[in-house]
Amino acid sequence: MQHFSIAAIPGDGIGPEVMKEGLKTLRKIEELHGGIRFSIDVFDWNCHYYLKHHRMMPENGLNTLRDYDVILLGAIGTPEVPDHISVWELILPIRRTFQQYINLRPIKLLKGLESPLRYKNHSDLDFIVVRENTEGEYSNMGGRLHENTPYEMAVQNNVFTRYGTERVINYAYQLAEKRKAKRLTAATKSNGINHSMPFWDEIVKEVSSLHPSVQTDIYHIDALAAYFITRPEQLDVVVGSNLFGDILTDLGAAIVGGLGMAPSGNINPEKAYPSMFEPIHGSAPDIAGKGIANPIAQIWSIGLMMEHLGFEEMNHLVVSSIEEVLIEGMIGTPDLGGKNKTFELGDAIHKKMQEVSVQHN
Ligand code: NAD
Ligand code: MN
(Lines give C-alpha, C1' and ligand atoms only; values in the text may rest on other atoms or scores of the structure.)
(Ligands and ions follow the chains in the order given, each with its own letter.)
Protein backbone atom coordinates (compact mmCIF):
# COMPACT_ATOMS: atom_id res chain seq x y z
CA MET A 1 0.00 0.00 0.00
CA GLN A 2 1.33 3.45 -0.92
CA HIS A 3 0.35 6.35 1.30
CA PHE A 4 0.21 9.99 0.23
CA SER A 5 -0.54 12.98 2.42
CA ILE A 6 -2.54 15.79 0.86
CA ALA A 7 -3.08 19.33 2.13
CA ALA A 8 -6.35 20.60 0.65
CA ILE A 9 -7.04 24.34 0.59
CA PRO A 10 -10.58 24.83 -0.80
CA GLY A 11 -10.33 28.65 -0.69
CA ASP A 12 -13.13 31.05 -1.60
CA GLY A 13 -16.17 31.33 -3.85
CA ILE A 14 -16.52 28.29 -6.10
CA GLY A 15 -13.22 26.91 -4.71
CA PRO A 16 -14.91 24.86 -1.95
CA GLU A 17 -17.71 23.87 -4.36
CA VAL A 18 -15.34 22.26 -6.85
CA MET A 19 -12.99 20.96 -4.12
CA LYS A 20 -15.86 18.92 -2.70
CA GLU A 21 -16.03 17.01 -5.98
CA GLY A 22 -12.24 16.74 -6.12
CA LEU A 23 -12.13 15.08 -2.70
CA LYS A 24 -14.67 12.54 -3.98
CA THR A 25 -12.33 11.87 -6.92
CA LEU A 26 -9.56 11.01 -4.46
CA ARG A 27 -11.83 8.56 -2.64
CA LYS A 28 -12.83 6.98 -5.95
CA ILE A 29 -9.18 6.55 -6.95
CA GLU A 30 -8.45 4.80 -3.64
CA GLU A 31 -11.39 2.50 -4.17
CA LEU A 32 -10.56 1.61 -7.78
CA HIS A 33 -6.79 1.32 -7.47
CA GLY A 34 -6.71 -0.64 -4.24
CA GLY A 35 -3.03 0.06 -3.52
CA ILE A 36 -3.21 3.79 -2.76
CA ARG A 37 -4.29 5.56 0.41
CA PHE A 38 -4.61 9.31 0.82
CA SER A 39 -4.63 11.10 4.14
CA ILE A 40 -6.26 14.45 3.55
CA ASP A 41 -6.12 17.50 5.82
CA VAL A 42 -8.31 20.43 4.91
CA PHE A 43 -7.13 23.98 5.68
CA ASP A 44 -9.52 26.93 5.89
CA TRP A 45 -6.94 29.48 4.71
CA ASN A 46 -8.90 31.91 2.57
CA CYS A 47 -10.22 35.47 2.50
CA HIS A 48 -12.64 34.74 5.32
CA TYR A 49 -9.66 33.66 7.42
CA TYR A 50 -7.93 36.90 6.43
CA LEU A 51 -10.84 39.05 7.56
CA LYS A 52 -10.67 37.35 10.97
CA HIS A 53 -6.88 37.06 11.45
CA HIS A 54 -5.43 39.76 9.15
CA ARG A 55 -3.38 37.17 7.35
CA MET A 56 -4.14 34.58 4.69
CA MET A 57 -2.53 31.71 6.60
CA PRO A 58 -1.01 31.19 10.05
CA GLU A 59 2.55 32.30 10.64
CA ASN A 60 3.84 28.71 10.42
CA GLY A 61 1.54 27.92 7.45
CA LEU A 62 4.30 27.24 4.94
CA ASN A 63 6.10 24.99 7.42
CA THR A 64 2.91 23.07 7.95
CA LEU A 65 2.51 22.51 4.21
CA ARG A 66 6.12 21.44 3.74
CA ASP A 67 5.48 18.01 5.22
CA TYR A 68 2.77 17.02 2.75
CA ASP A 69 3.34 15.05 -0.42
CA VAL A 70 1.09 17.35 -2.44
CA ILE A 71 -1.14 20.39 -2.05
CA LEU A 72 -4.55 20.74 -3.67
CA LEU A 73 -5.99 24.21 -4.12
CA GLY A 74 -9.50 25.25 -5.14
CA ALA A 75 -9.43 28.99 -5.80
CA ILE A 76 -8.75 32.12 -3.77
CA GLY A 77 -10.27 35.59 -3.84
CA THR A 78 -13.32 37.57 -2.74
CA PRO A 79 -14.42 41.09 -3.56
CA GLU A 80 -13.89 42.12 0.13
CA VAL A 81 -10.13 41.43 0.10
CA PRO A 82 -7.90 43.07 -2.52
CA ASP A 83 -6.49 40.50 -4.95
CA HIS A 84 -2.92 41.59 -4.33
CA ILE A 85 -3.34 40.43 -0.73
CA SER A 86 -5.06 37.11 -1.39
CA VAL A 87 -2.71 36.10 -4.19
CA TRP A 88 0.52 37.55 -2.77
CA GLU A 89 0.05 36.15 0.72
CA LEU A 90 -1.11 32.68 -0.12
CA ILE A 91 -0.59 31.38 -3.65
CA LEU A 92 2.67 33.10 -4.56
CA PRO A 93 4.48 32.23 -1.31
CA ILE A 94 3.50 28.57 -1.80
CA ARG A 95 4.74 28.54 -5.40
CA ARG A 96 8.02 30.21 -4.44
CA THR A 97 8.85 28.58 -1.13
CA PHE A 98 8.35 25.16 -2.62
CA GLN A 99 10.21 26.01 -5.83
CA GLN A 100 7.22 25.06 -7.96
CA TYR A 101 8.94 26.68 -10.89
CA ILE A 102 6.93 24.87 -13.53
CA ASN A 103 3.30 25.74 -14.04
CA LEU A 104 2.05 23.04 -16.34
CA ARG A 105 -1.16 23.82 -18.20
CA PRO A 106 -2.51 21.36 -20.77
CA ILE A 107 -4.69 22.92 -23.48
CA LYS A 108 -6.56 19.97 -24.88
CA LEU A 109 -9.98 19.77 -26.47
CA LEU A 110 -11.56 16.73 -24.87
CA LYS A 111 -13.70 14.38 -26.93
CA GLY A 112 -17.35 15.25 -26.54
CA LEU A 113 -16.75 19.01 -26.63
CA GLU A 114 -16.68 21.39 -29.56
CA SER A 115 -14.24 24.26 -29.71
CA PRO A 116 -15.61 27.75 -30.33
CA LEU A 117 -13.00 27.78 -33.12
CA ARG A 118 -15.30 26.51 -35.86
CA TYR A 119 -12.75 24.75 -38.05
CA LYS A 120 -10.60 23.14 -35.38
CA ASN A 121 -11.02 19.62 -34.04
CA HIS A 122 -9.52 17.46 -31.32
CA SER A 123 -6.23 16.73 -33.00
CA ASP A 124 -5.74 20.46 -33.70
CA LEU A 125 -6.15 21.45 -30.06
CA ASP A 126 -3.73 19.41 -28.00
CA PHE A 127 -0.73 21.25 -26.63
CA ILE A 128 0.73 22.17 -23.28
CA VAL A 129 1.84 25.49 -21.86
CA VAL A 130 4.82 25.63 -19.51
CA ARG A 131 4.58 28.84 -17.50
CA GLU A 132 7.51 30.09 -15.44
CA ASN A 133 6.11 30.21 -11.94
CA THR A 134 8.53 31.80 -9.47
CA GLU A 135 9.88 35.07 -10.89
CA GLY A 136 9.54 37.24 -14.01
CA GLU A 137 6.90 39.94 -14.00
CA TYR A 138 5.43 38.76 -10.68
CA SER A 139 8.10 40.37 -8.56
CA ASN A 140 7.60 42.67 -5.62
CA MET A 141 10.49 44.92 -6.50
CA GLY A 142 9.53 48.46 -7.32
CA GLY A 143 7.23 50.96 -5.72
CA ARG A 144 5.33 54.19 -5.91
CA LEU A 145 6.94 57.58 -5.95
CA HIS A 146 5.72 61.16 -5.72
CA GLU A 147 2.30 60.14 -4.53
CA ASN A 148 -0.35 62.86 -4.58
CA THR A 149 1.64 64.97 -7.01
CA PRO A 150 1.22 65.32 -10.77
CA TYR A 151 4.51 63.40 -11.08
CA GLU A 152 3.20 60.32 -9.33
CA MET A 153 4.61 57.11 -10.75
CA ALA A 154 4.62 53.37 -10.25
CA VAL A 155 7.69 51.29 -11.00
CA GLN A 156 7.50 47.52 -11.37
CA ASN A 157 10.69 45.57 -11.89
CA ASN A 158 10.75 42.22 -13.62
CA VAL A 159 13.24 39.67 -12.35
CA PHE A 160 14.69 37.15 -14.79
CA THR A 161 17.56 35.15 -13.34
CA ARG A 162 19.72 32.94 -15.54
CA TYR A 163 19.10 30.03 -13.21
CA GLY A 164 15.32 30.54 -13.20
CA THR A 165 15.10 31.05 -16.95
CA GLU A 166 17.34 28.13 -17.87
CA ARG A 167 15.53 25.66 -15.67
CA VAL A 168 12.05 26.38 -17.04
CA ILE A 169 13.21 26.37 -20.65
CA ASN A 170 15.16 23.20 -20.09
CA TYR A 171 12.09 21.52 -18.57
CA ALA A 172 10.01 22.60 -21.59
CA TYR A 173 12.57 21.07 -24.00
CA GLN A 174 12.64 17.84 -22.05
CA LEU A 175 8.87 17.70 -22.23
CA ALA A 176 8.93 18.44 -25.98
CA GLU A 177 11.43 15.62 -26.51
CA LYS A 178 8.91 13.18 -25.08
CA ARG A 179 6.03 14.34 -27.28
CA LYS A 180 5.15 13.27 -30.79
CA ALA A 181 5.53 16.60 -32.57
CA LYS A 182 8.77 17.57 -30.73
CA ARG A 183 8.11 21.21 -31.25
CA LEU A 184 8.78 24.08 -28.84
CA THR A 185 7.31 27.55 -29.15
CA ALA A 186 8.78 30.26 -26.93
CA ALA A 187 6.87 33.46 -26.20
CA THR A 188 8.88 36.67 -26.36
CA LYS A 189 8.47 40.43 -26.68
CA SER A 190 12.02 41.34 -27.54
CA ASN A 191 10.83 44.05 -29.91
CA GLY A 192 9.30 45.97 -27.02
CA ILE A 193 10.86 44.85 -23.77
CA ASN A 194 14.47 45.82 -23.64
CA HIS A 195 16.37 43.62 -21.21
CA SER A 196 14.50 40.61 -20.02
CA MET A 197 13.13 39.39 -23.34
CA PRO A 198 16.35 39.40 -25.42
CA PHE A 199 17.91 37.61 -22.42
CA TRP A 200 15.07 35.06 -22.49
CA ASP A 201 15.49 34.52 -26.26
CA GLU A 202 19.26 34.01 -25.95
CA ILE A 203 18.72 31.36 -23.30
CA VAL A 204 16.11 29.62 -25.49
CA LYS A 205 18.73 29.45 -28.26
CA GLU A 206 21.41 28.17 -25.89
CA VAL A 207 19.20 25.47 -24.44
CA SER A 208 17.83 24.52 -27.88
CA SER A 209 21.32 23.49 -28.99
CA LEU A 210 21.25 20.82 -26.27
CA HIS A 211 18.00 19.39 -27.66
CA PRO A 212 18.59 19.02 -31.41
CA SER A 213 15.58 16.74 -31.97
CA VAL A 214 13.19 19.55 -31.02
CA GLN A 215 12.14 22.20 -33.52
CA THR A 216 12.13 25.70 -32.02
CA ASP A 217 9.99 28.72 -32.87
CA ILE A 218 10.26 32.03 -31.04
CA TYR A 219 7.17 34.21 -31.49
CA HIS A 220 6.21 37.60 -30.15
CA ILE A 221 3.51 37.26 -27.54
CA ASP A 222 0.97 39.30 -29.47
CA ALA A 223 1.39 37.23 -32.63
CA LEU A 224 1.41 34.05 -30.59
CA ALA A 225 -1.92 35.01 -29.00
CA ALA A 226 -3.33 35.23 -32.53
CA TYR A 227 -1.80 31.85 -33.46
CA PHE A 228 -3.67 30.27 -30.54
CA ILE A 229 -6.80 31.06 -32.55
CA THR A 230 -5.61 30.76 -36.16
CA ARG A 231 -3.16 27.85 -36.06
CA PRO A 232 -3.22 26.04 -32.72
CA GLU A 233 -2.42 22.78 -34.54
CA GLN A 234 1.16 24.00 -34.92
CA LEU A 235 1.64 24.27 -31.16
CA ASP A 236 3.03 21.42 -29.09
CA VAL A 237 4.92 22.76 -26.07
CA VAL A 238 4.64 26.50 -25.46
CA VAL A 239 7.01 28.06 -22.93
CA GLY A 240 6.47 31.53 -21.51
CA SER A 241 7.36 33.82 -18.66
CA ASN A 242 5.12 34.10 -15.62
CA LEU A 243 2.87 36.81 -17.04
CA PHE A 244 2.84 35.64 -20.65
CA GLY A 245 2.05 32.09 -19.54
CA ASP A 246 -0.76 33.32 -17.33
CA ILE A 247 -2.44 35.31 -20.07
CA LEU A 248 -1.94 32.70 -22.78
CA THR A 249 -3.54 29.97 -20.69
CA ASP A 250 -6.82 31.77 -20.03
CA LEU A 251 -6.96 32.19 -23.81
CA GLY A 252 -6.02 28.54 -24.20
CA ALA A 253 -8.81 27.54 -21.81
CA ALA A 254 -11.31 29.55 -23.83
CA ILE A 255 -10.58 27.63 -27.04
CA VAL A 256 -11.07 24.23 -25.39
CA GLY A 257 -14.33 24.86 -23.57
CA GLY A 258 -13.69 27.59 -21.01
CA LEU A 259 -12.06 28.10 -17.65
CA GLY A 260 -14.14 25.37 -16.06
CA MET A 261 -12.24 22.87 -18.22
CA ALA A 262 -8.64 23.95 -17.53
CA PRO A 263 -6.42 22.14 -14.97
CA SER A 264 -2.91 22.98 -13.83
CA GLY A 265 0.03 21.74 -11.83
CA ASN A 266 2.55 23.92 -9.98
CA ILE A 267 5.42 21.53 -10.07
CA ASN A 268 8.72 21.14 -8.31
CA PRO A 269 10.28 18.65 -10.74
CA GLU A 270 12.99 17.59 -8.29
CA LYS A 271 10.29 16.57 -5.78
CA ALA A 272 12.28 18.28 -3.04
CA TYR A 273 9.07 20.02 -1.96
CA PRO A 274 5.35 19.41 -2.39
CA SER A 275 3.82 20.34 -5.73
CA MET A 276 0.41 22.00 -5.92
CA PHE A 277 -2.48 21.19 -8.23
CA GLU A 278 -5.34 23.59 -8.94
CA PRO A 279 -7.78 24.64 -11.62
CA ILE A 280 -6.49 27.70 -13.48
CA HIS A 281 -9.74 29.55 -12.86
CA GLY A 282 -10.39 31.83 -9.92
CA SER A 283 -13.16 31.94 -7.31
CA ALA A 284 -15.79 33.15 -9.84
CA PRO A 285 -17.77 35.44 -7.52
CA ASP A 286 -20.38 35.86 -10.28
CA ILE A 287 -21.56 32.25 -9.92
CA ALA A 288 -20.39 31.38 -6.39
CA GLY A 289 -22.99 29.95 -4.03
CA LYS A 290 -25.26 28.68 -6.79
CA GLY A 291 -23.78 25.20 -6.97
CA ILE A 292 -23.33 25.41 -10.74
CA ALA A 293 -19.54 25.68 -11.13
CA ASN A 294 -17.97 23.18 -13.50
CA PRO A 295 -15.86 20.76 -11.38
CA ILE A 296 -13.90 19.31 -14.33
CA ALA A 297 -10.85 21.61 -14.02
CA GLN A 298 -10.49 20.56 -10.37
CA ILE A 299 -11.04 16.86 -11.07
CA TRP A 300 -8.60 16.87 -14.00
CA SER A 301 -6.03 18.63 -11.77
CA ILE A 302 -6.20 15.53 -9.58
CA GLY A 303 -5.45 13.50 -12.71
CA LEU A 304 -2.32 15.62 -13.18
CA MET A 305 -1.48 15.07 -9.52
CA MET A 306 -1.72 11.30 -10.00
CA GLU A 307 0.62 11.48 -12.97
CA HIS A 308 3.07 13.51 -10.88
CA LEU A 309 2.90 10.84 -8.14
CA GLY A 310 3.76 8.17 -10.72
CA PHE A 311 0.28 6.87 -11.58
CA GLU A 312 -0.11 7.89 -15.20
CA GLU A 313 -2.84 5.27 -15.68
CA MET A 314 -4.96 7.03 -13.06
CA ASN A 315 -4.70 10.29 -15.02
CA HIS A 316 -5.87 8.37 -18.09
CA LEU A 317 -8.77 6.97 -16.12
CA VAL A 318 -9.80 10.44 -14.92
CA VAL A 319 -9.51 12.07 -18.34
CA SER A 320 -11.21 9.27 -20.27
CA SER A 321 -14.07 9.21 -17.76
CA ILE A 322 -14.54 12.97 -18.17
CA GLU A 323 -14.52 12.48 -21.95
CA GLU A 324 -17.08 9.66 -21.81
CA VAL A 325 -19.45 11.84 -19.80
CA LEU A 326 -18.99 14.71 -22.26
CA ILE A 327 -19.55 12.41 -25.26
CA GLU A 328 -22.78 11.07 -23.75
CA GLY A 329 -23.77 14.70 -23.30
CA MET A 330 -26.50 13.98 -20.75
CA ILE A 331 -25.04 15.96 -17.87
CA GLY A 332 -23.41 19.38 -18.04
CA THR A 333 -23.10 22.54 -15.99
CA PRO A 334 -24.37 25.84 -17.51
CA ASP A 335 -20.91 26.83 -18.85
CA LEU A 336 -21.09 23.63 -20.95
CA GLY A 337 -24.58 24.47 -22.13
CA GLY A 338 -26.29 22.19 -19.61
CA LYS A 339 -28.61 22.66 -16.67
CA ASN A 340 -26.93 20.49 -14.05
CA LYS A 341 -25.36 21.25 -10.71
CA THR A 342 -21.71 20.84 -9.79
CA PHE A 343 -22.37 17.66 -7.81
CA GLU A 344 -24.37 16.07 -10.61
CA LEU A 345 -21.51 16.44 -13.07
CA GLY A 346 -19.05 15.27 -10.38
CA ASP A 347 -21.19 12.22 -9.59
CA ALA A 348 -21.51 11.34 -13.28
CA ILE A 349 -17.72 11.42 -13.70
CA HIS A 350 -17.12 9.30 -10.61
CA LYS A 351 -19.71 6.76 -11.71
CA LYS A 352 -18.03 6.66 -15.10
CA MET A 353 -14.62 6.08 -13.48
CA GLN A 354 -16.13 2.98 -11.90
CA GLU A 355 -17.56 1.74 -15.23
CA VAL A 356 -14.42 2.47 -17.25
CA SER A 357 -12.18 0.68 -14.77
CA VAL A 358 -14.48 -2.35 -14.63
CA GLN A 359 -14.32 -2.59 -18.45
CA HIS A 360 -10.52 -2.65 -18.30
CA ASN A 361 -10.21 -5.24 -15.54
P1 NAD B 1 -12.43 33.68 -12.58
O2 NAD B 1 -11.64 32.58 -13.17
O3 NAD B 1 -12.83 33.49 -11.17
O4 NAD B 1 -13.78 33.89 -13.45
C5 NAD B 1 -13.75 34.29 -14.81
C6 NAD B 1 -15.04 33.82 -15.49
O7 NAD B 1 -15.01 32.41 -15.69
C8 NAD B 1 -16.29 34.11 -14.66
O9 NAD B 1 -17.35 34.48 -15.51
C10 NAD B 1 -16.60 32.77 -14.03
O11 NAD B 1 -17.96 32.56 -13.72
C12 NAD B 1 -16.12 31.78 -15.07
N13 NAD B 1 -15.64 30.54 -14.43
C14 NAD B 1 -14.47 30.36 -13.78
N15 NAD B 1 -14.39 29.11 -13.30
C16 NAD B 1 -15.52 28.47 -13.64
C17 NAD B 1 -16.03 27.15 -13.43
N18 NAD B 1 -15.33 26.21 -12.74
N19 NAD B 1 -17.24 26.84 -13.91
C20 NAD B 1 -17.96 27.74 -14.61
N21 NAD B 1 -17.54 29.00 -14.85
C22 NAD B 1 -16.33 29.37 -14.38
O23 NAD B 1 -11.58 35.01 -12.77
P24 NAD B 1 -11.81 36.49 -12.21
O25 NAD B 1 -13.28 36.80 -12.25
O26 NAD B 1 -10.86 37.31 -12.92
O27 NAD B 1 -11.36 36.44 -10.70
C28 NAD B 1 -12.22 36.24 -9.59
C29 NAD B 1 -11.39 36.10 -8.32
O30 NAD B 1 -10.58 34.93 -8.39
C31 NAD B 1 -10.44 37.26 -8.08
O32 NAD B 1 -10.43 37.52 -6.70
C33 NAD B 1 -9.10 36.73 -8.55
O34 NAD B 1 -7.99 37.33 -7.94
C35 NAD B 1 -9.22 35.29 -8.14
N36 NAD B 1 -8.34 34.39 -8.89
C37 NAD B 1 -7.76 33.39 -8.19
C38 NAD B 1 -6.98 32.44 -8.82
C39 NAD B 1 -6.42 31.31 -8.01
O40 NAD B 1 -6.93 31.02 -6.94
N41 NAD B 1 -5.38 30.64 -8.46
C42 NAD B 1 -6.80 32.50 -10.20
C43 NAD B 1 -7.44 33.51 -10.92
C44 NAD B 1 -8.21 34.45 -10.26
MN1 MN C 1 -4.54 33.39 -14.29
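The values are calculated or read from the model by the stated rules, or taken from the named source; none is laboratory data. What you see is a predicted model, and the numbers here were worked out from it, not measured in a lab. When we count neighbours, we look across all protein chains shown, and the Cβ atoms used for this are built from the backbone with ideal geometry, even at glycine.
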Number of the condition not met by Pro93 [criteria: (1) part of a loop (DSSP other than H, G, I, E, B); (2) assigned by TED's automatic domain parsing to the domain that holds Pro58]
(1)
Strands (runs of 3 or more DSSP E) wholly in the range 234-296 with at least 2 residues that are within 14 Å of ligand 2 (Cβ to nearest atom), under 21 Å from Leu110 (Cα atoms) and modelled with pLDDT of 95 or more - which ones?
263-267, 275-279
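So that you can scan it fast, the table gives a plain yes or no per residue for (1) away from ligand 2 (no atom under 15 Å from the Cβ); (2) under 18 Å from the mean Cα position of the chain (by Cα); (3) of a type in the set (Ser, Thr, Tyr):
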site	(1), (2), (3)
Met56	yes, no, no
Thr64	yes, no, yes
Val81	yes, no, no
Gly112	yes, no, no
Pro116	yes, no, no
Asp126	yes, yes, no
Asn140	yes, no, no
Out of all the residues in the range 350-360, is one or more part of a loop (DSSP other than H, G, I, E, B) and surrounded by fewer than 18 Cβ atoms within 10 Å (Cβ to Cβ)?
no
If you scan the range 230-243, which residues turn out to be more than 18 Å from Tyr173 (Cα to Cα) and either under 12 Å from the mean Cα position of the chain (by Cα) or not charged (D, E, K, R) (or both)?
Thr230, Pro232, Leu243
Sole exception among (1) in contact with a helix residue (DSSP H, G or I) (Cβ under 6 Å, 6 or more places away or on another chain); (2) assigned to a helix (DSSP H, G or I) for Ala226, by number
(1)
Out of Glu233, Glu202, Glu206, Glu270, which single residue is within 30 Å of Ile6 (Cβ to Cβ) and of a type outside the set (Lys, Arg)?
Glu270
Mind checking which residues of the range 160-172 are free of Cβ contacts under 8 Å to residues at least 60 places away in the same chain and part of a helix (DSSP H, G or I)?
Arg162, Tyr163, Thr165, Glu166, Asn170
